[in-house]
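Contents: one structure, followed by commentary.
Every number in this text was worked out from the coordinates using simple rules, so none of it is lab data. All of these numbers come straight from a predicted model, not from anything done at the bench. All Cβ positions, even for glycine, are placed from backbone atoms using ideal geometry, and neighbour counts span all protein chains on display.
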Amino acid sequence: MASRQPPLRDPATLALAGREPAAGDAVATVLLASWPALVVGPPVIAGLATAMGLRSALGVVVVLATAIALLASLLGSAAHVPPRPPPEG
């Protein structure tokens, strides 16, 4: 049986948050921001599917995900965070 990852806990996102100077706070913020999407997302998709059909509702999700990816790539290149130095010891 294939192992399943917990939803919305992308290792790349957490690794990027871990490079921040206050890594603990940054990781906590990423995880805290993921929960509303987990709770609100399915009912919103269901409401859209009821109003306009499942195919159109999932099309809206694809369009929004594409827009988020494009904006993230623009913001990611503008706000590059250098990696933290390794801990001494």
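Could you tell me the extents of region 11-78's C-alpha atoms along the three principal axes, largest first, rounded to whole Å?
Cα extents, longest axis first: 45, 25, 15 Å.
So if R0 is 30 Å, what FRET efficiency would residue 29 and residue 58 give, r being the distance between their Cβ atoms, rounded to the nearest 0.05?
With a Förster radius of 30 Å, E is 0.55.
What order do you get for 44, 39 when you list them from fewest to most C-beta neighbours inside 10 Å?
Listing 44, 39 from fewest to most nearby Cβ atoms yields 39, 44.
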